[in-house]
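The values are calculated or read from the model by the stated rules, or taken from the named source; none is laboratory data. Fair warning: this is a prediction, and the values are worked out from it, not measured in the lab. Glycine also receives a Cβ, built like all others from the backbone with ideal geometry; neighbour counts cover every protein chain displayed.
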Amino acid sequence: MDTALLVIDMQRGLLDEGPWNGAAVLARIQQLVTRARASGAPVVFMQDRRVELDPELDSSLVPGSADGVIGKDFCDSFLGTSLEAWLKERAVRRLVVVGLQSDYCVDTSCRRAASLGYAVELVKDAHSTFDNGSLTAEQIVNHHNQILRSFRAGSGSVCTVESADVRFA
């Protein structure tokens, strides 16, 4: 299986702040985790160590024994972490990306993965963020879905896909 599900920062402290469409995004991510596990695809949870209030993963996303849980200190899920080694150990070349926040960790991790040569599918209805004073969270999510829908970076790329259309096999 060369495809993995990358779940970024689905931590209670962030979810409690009420990201846009948060309950629906969480439900879609739960479904994707279930589908990935059922197909034998690796699942890795990134956990931002900078989250102060309740940094634990949401209780509905309990990592399984085969899942990875990797802490990070930056928006980039690869920077200073073991993520790339974890993916290489499993021969992963394609990443399905979901999580929080669209305009920070999700965007940065998608672009970095593409620059490392991965084929990235950003699940456009399974990531979210917060209003920022200039744009609503919905506008931010839509903007990132638009700019990353066909992003090329050397041998890697990012495209967007609806959660219902994700295939792990």
Subject >> Residue count, the stretch 44-82 (criterion: surrounded by 15 or more Cβ atoms within 10 Å (Cβ to Cβ), touching a residue at least 40 places away in the same chain (Cβ under 8 Å) and not β-branched (Val, Ile, Thr)) >> reply: 7
**OP:** Scan the stretch 27-43 for residues that are crowded, with 22+ Cβ neighbours inside 10 Å and of a type in the set (Val, Ile, Thr) and jot them down.
**Re:** ILE29, VAL33, VAL43
Subject >> Enumeration of residues in the stretch 51-78 that are aliphatic (A, V, I, L, M), assigned to a loop (DSSP other than H, G, I, E, B) and more than 16 Å from TYR104 (Cβ to Cβ) >> reply: LEU53, LEU61, VAL62, ALA66
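Can you work out which of the residues in the stretch 106-130 that are of a type outside the set (A, V, I, L, M) and in a strand (DSSP E or B) is nearest to ILE140 (Cα to Cα)?
This residue is SER128.
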Original post:
Somewhere in the stretch 35-45, is a residue farther than 18 Å from SER163 by Cα and either over 14 Å from the mean Cα position of the chain (by Cα) or at pLDDT 95 or above (or both)?
Top reply: no
**OP:** Filter the stretch 2-28 for residues that are modelled with pLDDT of 95 or more and in a helix (DSSP H, G or I) and give the result.
**Re:** GLY22, ALA23, ALA24, VAL25, LEU26, ALA27, ARG28
Subject >> Total residues in the stretch 83-105, condition outside any loop (DSSP other than H, G, I, E, B), exposed (fewer than 15 other Cβ atoms within 10 Å of the Cβ) and of a type in the set (Gly, Ala, Ser) >> reply: 1
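For every residue, the table says whether it meets (1) loosely packed, with under 14 Cβ neighbours inside 10 Å; (2) part of a helix (DSSP H, G or I); (3) among the β-branched types (Val, Ile, Thr).
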{"residue": "GLY133", "(1), (2), (3)": "yes, no, no"}
{"residue": "PHE151", "(1), (2), (3)": "no, no, no"}
{"residue": "VAL158", "(1), (2), (3)": "no, no, yes"}
{"residue": "ALA164", "(1), (2), (3)": "yes, yes, no"}
Original post:
For SER60, all conditions in the list (1) farther than 22 Å from GLN101 by Cβ; (2) more than 15 Å from the chain's Cα centre (by Cα) hold save one; what is the number of the exception?
Top reply: (1)
**OP:** Looking only at the stretch 1-26, count how many residues are under 14 Å from the mean Cα position of the chain (by Cα), closer than 18 Å to ASP165 by Cβ and surrounded by fewer than 23 Cβ atoms within 10 Å (Cβ to Cβ).
**Re:** 1
**OP:** Could you tell me whether VAL33 is closer than 19 Å to LEU116 by Cα and either touching a residue at least 40 places away in the same chain (Cβ under 8 Å) or in contact with a Gly (Cβ under 9 Å, 6 or more places away or on another chain) (or both)?
**Re:** no
Original post:
How many residues are over 28 Å from GLY40 (Cβ atoms) and either touching a residue at least 60 places away in the same chain (Cβ under 8 Å) or polar (S, T, N, Q) (or both) if we restrict to the stretch 1-14?
Top reply: 1
